[in-house]
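See below for the structure under consideration.
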Amino acid sequence: MIVDLPATTTSKVSKALVKIREEGGAVALGRVLTLVIATHLGQEEEAIEAANDASREHPMRVIVVSTEDPNHVAPTESEGRLDAQIRVGGDAGASEVIVLRAYGETASDEEGLVTGLLLPDAPVVAWWPGAAPEVASASPLGRIATRRITDASAQPDPHEALRHLSRTYKPGDTDFAWTRLTLWRAQLAAVLDQPPYEAIESVEVAGAADSPSTVLLAAWLSLQLQVPVKHDLTSRATGSSGIHGVRLGRASGIIELEREIPDVARLSEPGQPTHDLSLPRRNLRDCLAEELRRLDPDDLYGEVITKGLEELEADEGVGANR
């Protein structure tokens, strides 16, 4: 069910939610968190779809704050207006979705727009699927959130975005460039957990020139293995994006995990048959669902984005081999 509330206020939206629950039996009890999505007008649906899918694992209230994009549209020269939409039932997965489209001066107070709609005594997660604020933790929505999710790959310069995240990191911050590494990190850890248990002497990581995940994978390996890591950011795999492959050198030979075709990686090790492994690029739903599984700070991400990235750039220089 979808209820439109044009030219409204957050107080009226809250009353409408209560009315919908009383008349239609839509229950807000059992929601484990409030997810606040900050985006621009016309760019809401992909994020809402991902949140609806993730809500089947994490029942929640989703509040979408949608404002005009100053880079593409001149701000409305008006006193402001708030148009709202409430989605429940089949249109909202296992969540209830409140879409707030703010214009003019109304858009300047994002925190005020959502405060009255937050679930009581439930953690708040803020997500910027597109353009991120200058400092996520100090932004109006970031101040009220226990977790703050950004996406470096959605920024104009993904690698500069990583360096900026490193400088402004606060516990509770995370980025989808890190979340997309989970399958790679798990597979590499599984390989190194098998005999022979030899020290890694060299590491090479390759990926697309616009892939911040490649840089974070190199930073994680540098931090965990304490060896210099070469990261090659090129377009050597025509038409391929994301991470291309990892080569780990040790005394007995080279371990190579390469993804030359979408969703499939080839693992080769000395003395072992070659294996094809499922290693797909993760979609928004998978990344969001994973991040919502933990509401405490991701300490490992904090170490990688600060210390690991610093060590990597010290070894090879900023933008190495780009």
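If you take the residues in the range 258-290 that are within 27 Å of ALA50 (Cβ to Cβ) and in contact with a Ser or Thr (Cβ under 6 Å, 6 or more places away or on another chain), which one is surrounded by the most Cβ atoms within 10 Å (Cβ to Cβ)?
Taking the range 258-290 as the starting set, the residues that turn out to be within 27 Å of ALA50 (Cβ to Cβ) are 259, 261-265, 277-290.
When the remaining residues are screened for being in contact with a Ser or Thr (Cβ under 6 Å, 6 or more places away or on another chain), the result is 287, 290.
Values: CYS287: 23, GLU290: 17.
Top of the filtered list is CYS287.
Out of LEU233, LEU248, LEU257, I need the residue that is in contact with a His (Cβ under 9 Å, 6 or more places away or on another chain) and either closer than 25 Å to THR306 by Cα or not β-branched (Val, Ile, Thr) (or both). Which one?
On the way: LEU248 fails: in contact with a His (Cβ under 9 Å, 6 or more places away or on another chain); LEU257 fails: in contact with a His (Cβ under 9 Å, 6 or more places away or on another chain).
Only one candidate qualifies: LEU233.
If you go through the range 178-196 one residue at a time, do you hit one that is among the small types (Gly, Ala, Ser) and in contact with a Gly (Cβ under 6 Å, 6 or more places away or on another chain)? Explain how you work it out, then say what you get.
We begin by selecting, within the range 178-196, every residue among the small types (Gly, Ala, Ser); these are 186, 189-190.
Within this subset, residues satisfying the condition of being in contact with a Gly (Cβ under 6 Å, 6 or more places away or on another chain) are none.
There is no residue in the range 178-196 that is among the small types (Gly, Ala, Ser) and in contact with a Gly (Cβ under 6 Å, 6 or more places away or on another chain).
Just the residues that are part of a helix (DSSP H, G or I) and more than 17 Å from LEU223 (Cα to Cα), please, taken from the range 188-203.
Of all residues in the range 188-203, those part of a helix (DSSP H, G or I) come to 188-192.
Answer for the range 188-203, where residues must be part of a helix (DSSP H, G or I) and more than 17 Å from LEU223 (Cα to Cα): ALA190, VAL191.
Of all residues being in contact with a Lys or Arg (Cβ under 9 Å, 6 or more places away or on another chain) and surrounded by 14 or more Cβ atoms within 10 Å (Cβ to Cβ) in the range 134-145, which is nearest to THR10 (Cα to Cα)? Just the residue, please.
Filtering the range 134-145 down to residues in contact with a Lys or Arg (Cβ under 9 Å, 6 or more places away or on another chain) leaves 135-139, 141-142.
Pick out the ones that are also surrounded by 14 or more Cβ atoms within 10 Å (Cβ to Cβ) and you get 135-137, 139, 141-142.
Details: VAL135: 26, ALA136: 24, SER137: 24, SER139: 20, LEU141: 16, GLY142: 19 Å.
Applying the filter and picking the extreme gives LEU141.
Do the conditions hold for LEU188, that is, is it open to solvent by 50 Å² or more (accessible area, probe 1.4 Å) and under 22 Å from LEU257 (Cβ atoms)?
Numbers: open to solvent by 50 Å² or more (accessible area, probe 1.4 Å): no; under 22 Å from LEU257 (Cβ atoms): yes.
Criteria not met by LEU188.
Of the conditions (1) surrounded by 22 or more Cβ atoms within 10 Å (Cβ to Cβ); (2) not in a strand (DSSP E or B), ALA206 satisfies every one except a single condition; which number is it?
Of the numbered conditions (1) surrounded by 22 or more Cβ atoms within 10 Å (Cβ to Cβ); (2) not in a strand (DSSP E or B), the odd one out for ALA206 is (2).
When you scan the range 148-177, how many residues do you find that are in a helix (DSSP H, G or I) and either open to solvent by 10 Å² or more (accessible area, probe 1.4 Å) or touching a Pro at 6+ places or on another chain (Cβ under 7 Å) (or both)? It would help to see each step written out before you state the result.
Of the residues in the range 148-177, the ones in a helix (DSSP H, G or I) are 152-154, 158-168, 176-177.
Add one more test, that the residue is either open to solvent by 10 Å² or more (accessible area, probe 1.4 Å) or touching a Pro at 6+ places or on another chain (Cβ under 7 Å) (or both), and what stays is 152-154, 158-168, 177.
The total comes to 15.
For the range 291-318: of the residues being closer than 22 Å to VAL36 by Cβ and of a type in the set (Asp, Glu), which is most open to solvent (accessible area, probe 1.4 Å)?
Going through the qualifying residues, I end up with ASP296.
What's the total number of residues in the range 233-249 that are charged (D, E, K, R) and modelled with pLDDT of 95 or more?
Going residue by residue through the range 233-249, those that are charged (D, E, K, R) are 236, 247.
Narrowing further to those that are modelled with pLDDT of 95 or more: 247.
Residues in the range 233-249 being charged (D, E, K, R) and modelled with pLDDT of 95 or more: 1 in total.
Report yes if some residue within the range 188-201 is touching a helix residue (DSSP H, G or I) at 6+ places or on another chain (Cβ under 6 Å) and touching a residue at least 12 places away in the same chain (Cβ under 8 Å); otherwise report no.
Yes, the range 188-201 has at least one match.
Counting just the residues of the range 244-257 that are out of contact with any helix residue (DSSP H, G or I) (no Cβ under 8 Å at 6 or more places or on another chain) and hydrophobic (A, V, I, L, M, F, W, C), which one comes out surrounded by the most Cβ atoms within 10 Å (Cβ to Cβ)?
Applying the filter and picking the extreme gives ILE254.
Mind checking which residues of the range 141-165 are more than 13 Å from the chain's Cα centre (by Cα) and under 14 Å from TRP127 (Cβ atoms)?
Selection gives LEU141, GLY142, ILE144, ALA145, THR146.
Just the residues that are part of a loop (DSSP other than H, G, I, E, B), open to solvent by 40 Å² or more (accessible area, probe 1.4 Å) and either free of Cβ contacts under 8 Å to residues at least 60 places away in the same chain or over 26 Å from ALA7 (Cα atoms) (or both), please, taken from the range 97-122.
The answer is ASP109, PRO120, ASP121.
The values are calculated or read from the model by the stated rules, or taken from the named source; none is laboratory data. Remember, it's a predicted structure, so these values are computed and weren't measured experimentally. So basically every Cβ, Gly included, is an ideal-geometry build from the backbone, and we count neighbours across all protein chains shown. Surface accessibility is based on the protein's heavy atoms, side chains included, excluding ligands, DNA and RNA. Shrake-Rupley method; radii C 1.70, N 1.55, O 1.52, S 1.80 Å.
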